[in-house]
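**Q** I have a structure I would like to understand better, so I am pasting it below and will then ask my questions one at a time.
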Amino acid sequence: MSELLQQRSRECGPINASAGSAGSDARVVARLAGVKKRYGDNTVLDNVDFTVRKGEFVALVGPSGTGKTTLLRLLAGLESASDGDTEVSGSTSVVFQEPRLIQALRVWKNILLDDSGKPDAQALARSALQDVGLDDKLDSWPVSLSGGQAQRVAVARALYRRPDLMLLDEPFSALDAFTRRSIQSLVLKLWAKYRFGVVIVTHDLDEALILADRIVILSKGRICHEARVDLPRERDVTSPEFNALKRDLLKQFSLSMS
């Protein structure tokens, strides 16, 4: 197994997914301890331990229905655990699969929402839009935006809140390949600039390897495997090192489904 992939795995069960990434801050911004989530008789998360530090970029991968989005919603405060402890410190923002823009509001008001009445509201919105390269769309209506532009506005809305933890729920899955790669690069640039913690849910191993310093595989509601990715950015998806890591993860992915 590749030396570049420093990893821990075992039969699916409680793994403490908490190792800090290189360059991450010591401060923990989110922690799940012994967390279970049930909907009736259906257990979606089963005894999960998971920690994220500020400045850390973590990808959650796994088959559909394994609890990835539920874990993200717990961190966002959109769900409550059935058992166990959930702790999130500092501010949190979420970028969903769809931009979720309000069509009746201009772009700048979509960014600020309840803060749009502030005296310096447009200046605050412009600053966030500058970070995503869309300050010329300040007064535009959402209907005039392309899919990629709308998702950039969603990123700007999350960024405006200066989060300690940014949660990304498959935010690029509806985009074409070129736009997807462009926004991946944008998120990496913003993460490097502001050093918030990031947790992204994705089904795409290439995306996880491009973005994350740590990859966590879930199966049947449990964390089965985690891997640290020690490759320089920007990562070359055609390189032998990248593809060796991908092969290793595909093996673990297959084991998690058995």
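**Q** I need every pair where a residue in region 61-88 that is on the phi > 0 side of the Ramachandran plot has its Cβ under 7 Å from the Cβ of a residue that is part of a loop (DSSP other than H, G, I, E, B) and surrounded by fewer than 18 Cβ atoms within 10 Å (Cβ to Cβ), sequence separation at least 6 or different chains.
**A** Going by the 7 Å Cβ cut-off, there are no qualifying pairs.
**Q** Scan Asp120, Asp135, Asp85, Asp114 and give me the residue that is modelled with pLDDT of 95 or more and over 20 Å from the mean Cα position of the chain (by Cα).
**A** Working: Asp120 fails: modelled with pLDDT of 95 or more; Asp135 fails: modelled with pLDDT of 95 or more; Asp114 fails: modelled with pLDDT of 95 or more.
Result of the check over Asp120, Asp135, Asp85, Asp114: Asp85.
**Q** Hey, does region 142-151 have a residue that's closer than 13 Å to Leu190 by Cα and buried (at least 20 other Cβ atoms within 10 Å of the Cβ)?
**A** Taking region 142-151 and keeping what is closer than 13 Å to Leu190 by Cα, we get none.
No, that holds for no residue.
**Q** Could you tell me which residue of region 59-85 is surrounded by the fewest Cβ atoms within 10 Å (Cβ to Cβ), considering only residues that are hydroxyl-bearing (Ser, Thr, Tyr) and farther than 18 Å from Met166 by Cα?
**A** Initial filter on region 59-85 (hydroxyl-bearing (Ser, Thr, Tyr)): 64, 66, 69-70, 80, 82.
Keeping just the survivors that are farther than 18 Å from Met166 by Cα gives 64, 66, 80, 82.
Values: Ser64: 7, Thr66: 24, Ser80: 9, Ser82: 13.
By that ranking, first place goes to Ser64.
**Q** Shifting gears a bit: Just one of Arg157, Arg126 is assigned to a helix (DSSP H, G or I), basic (Lys, Arg) and within 14 Å of Ser93 (Cα to Cα); which is it?
**A** Details: Arg126 fails: within 14 Å of Ser93 (Cα to Cα).
The match here is Arg157.
**Q** While we're looking at this one, here's another question. Could you check region 135-180 and list, in sequence order, the residues that are in contact with a Phe, Trp or Tyr (Cβ under 8 Å, 6 or more places away or on another chain) and among the small types (Gly, Ala, Ser)?
**A** Ala154
**Q** Condition first: within 11 Å of Ile111 (Cα to Cα) and buried (at least 16 other Cβ atoms within 10 Å of the Cβ). Now tell me which residues in region 121-137 satisfy that. Talk me through it step by step, then tell me what you get.
**A** Of the residues in region 121-137, the ones within 11 Å of Ile111 (Cα to Cα) are 121-122, 124-129.
Across region 121-137, the qualifying residues are Gln122, Leu124, Ala125, Arg126, Ala128, Leu129.
**Q** Hey, does region 163-184 have a residue that's part of a helix (DSSP H, G or I), more than 28 Å from Leu231 (Cα to Cα) and at pLDDT below 95?
**A** Initially, region 163-184 is screened for residues part of a helix (DSSP H, G or I), giving 177-184.
Add one more test, that the residue is more than 28 Å from Leu231 (Cα to Cα), and what stays is none.
The answer is no, given that none of the residues of region 163-184 is part of a helix (DSSP H, G or I), more than 28 Å from Leu231 (Cα to Cα) and at pLDDT below 95.
**Q** I would also like to ask the following. Hey, does region 51-59 have a residue that's without any contact (Cβ under 8 Å) to a residue 60 or more places away in the chain and out of contact with any His (no Cβ under 8 Å at 6 or more places or on another chain)? Talk me through it step by step, then tell me what you get.
**A** Taking region 51-59 first, the residues without any contact (Cβ under 8 Å) to a residue 60 or more places away in the chain are 51.
Filter once more, so that each one left must be out of contact with any His (no Cβ under 8 Å at 6 or more places or on another chain): 51.
Yes, because at least one residue in region 51-59 is without any contact (Cβ under 8 Å) to a residue 60 or more places away in the chain and out of contact with any His (no Cβ under 8 Å at 6 or more places or on another chain).
**Q** To continue, here is another question. Looking at region 204-223, which of its residues are under 19 Å from Leu74 (Cα atoms) and not small (Gly, Ala, Ser)? Outline the logic, then answer.
**A** Initially, region 204-223 is screened for residues under 19 Å from Leu74 (Cα atoms), giving 215-223.
Within region 204-223, Ile215, Val216, Ile217, Leu218, Lys220, Arg222, Ile223 qualify.
**Q** For region 109-120, which residues satisfy the criterion of being exposed (fewer than 13 other Cβ atoms within 10 Å of the Cβ) and in a loop (DSSP other than H, G, I, E, B)?
**A** Taking region 109-120 as the starting set, the residues that turn out to be exposed (fewer than 13 other Cβ atoms within 10 Å of the Cβ) are 113-114, 117-120.
Selection gives Gly117, Lys118, Pro119, Asp120.
**Q** Considering only residues that are touching a helix residue (DSSP H, G or I) at 6+ places or on another chain (Cβ under 9 Å) and assigned to a strand (DSSP E or B), which ones fall in region 64-108?
**A** Thr86, Val88, Thr92, Ser93, Val94, Val95
**Q** Would you say Lys36 is surrounded by fewer than 18 Cβ atoms within 10 Å (Cβ to Cβ) and in contact with a Ser or Thr (Cβ under 8 Å, 6 or more places away or on another chain)?
**A** On the way: surrounded by fewer than 18 Cβ atoms within 10 Å (Cβ to Cβ): yes; in contact with a Ser or Thr (Cβ under 8 Å, 6 or more places away or on another chain): yes.
It is true that Lys36 is surrounded by fewer than 18 Cβ atoms within 10 Å (Cβ to Cβ) and in contact with a Ser or Thr (Cβ under 8 Å, 6 or more places away or on another chain).
The values are calculated or read from the model by the stated rules, or taken from the named source; none is laboratory data. This one's a predicted model, so the numbers in the text were calculated from it and none came from an experiment. Counting neighbours? That spans all protein chains shown, and the Cβs are built from the backbone with ideal geometry, glycine included.
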